[in-house]
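One structure is given here, and the rest of the page talks about it.
The values are calculated or read from the model by the stated rules, or taken from the named source; none is laboratory data. None of the values given here were measured: they were computed from a predicted structure. Quick reminder, even Gly has a Cβ in these numbers, built from the backbone with ideal geometry, and neighbours come from all protein chains shown. To get the accessible areas, we keep the full protein, side chains included, count just its heavy atoms, and leave off ligands, DNA and RNA. Shrake-Rupley method; radii C 1.70, N 1.55, O 1.52, S 1.80 Å.
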Amino acid sequence: VSQSRYGTVVIGSTANTSSNSVLAENLSRQYLLVQNVSDTDMNINFGAAATSSTLLLPKNGGGIVFETGMVPTNQIFLICSAASKPYYILHA
């Protein structure tokens, strides 16, 4: 985790093949980018455990951005079929 002038950067990797909490709830969150920088598809969910049927983040750079009034403030979860797969998060 590091701070930039644009927000907080989280560079992490999946801990295991079950749903991983990757970002805590933050009711003041105003921007969110989550990117899958691994070679394996991931799934994301907001406020509940991620499963293989929740929103897909495709491998090799697939991601999602929320901004300006449409930003989820819930806890964020990722799941991947392999452990130690990297992801990138920028939030403010």
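Would you list the strands (runs of 3 or more DSSP E) that sit entirely within the range 16-80 and hold 2 or more residues that are more than 17 Å from A92 (Cα to Cα)?
On the way: elements: 20-23, 31-36, 42-46, 55-57, 63-67, 76-80.
Hits in the range 16-80: 20-23, 42-46, 55-57, 76-80.
When you go through (1) of a type outside the set (D, E); (2) in contact (Cβ under 8 Å) with a residue 24 or more places away in the chain; (3) open to solvent by 60 Å² or more (accessible area, probe 1.4 Å) one by one for N20, which number turns out not to apply?
Going through the list (1) of a type outside the set (D, E); (2) in contact (Cβ under 8 Å) with a residue 24 or more places away in the chain; (3) open to solvent by 60 Å² or more (accessible area, probe 1.4 Å), N20 breaks only (3).
Being open to solvent by 50 Å² or more (accessible area, probe 1.4 Å) and modelled with pLDDT under 95, is that true of even one residue in the range 41-52?
The answer is no; no qualifying residue exists.
Name the residue, out of V37, V1, V65, that is in contact with a strand residue (DSSP E or B) (Cβ under 9 Å, 6 or more places away or on another chain), open to solvent by 40 Å² or more (accessible area, probe 1.4 Å) and at pLDDT below 95.
V1
If you scan the range 34-92, which residues turn out to be among the acidic types (D, E) and touching a residue at least 40 places away in the same chain (Cβ under 8 Å)?
Correct list: D39, D41.
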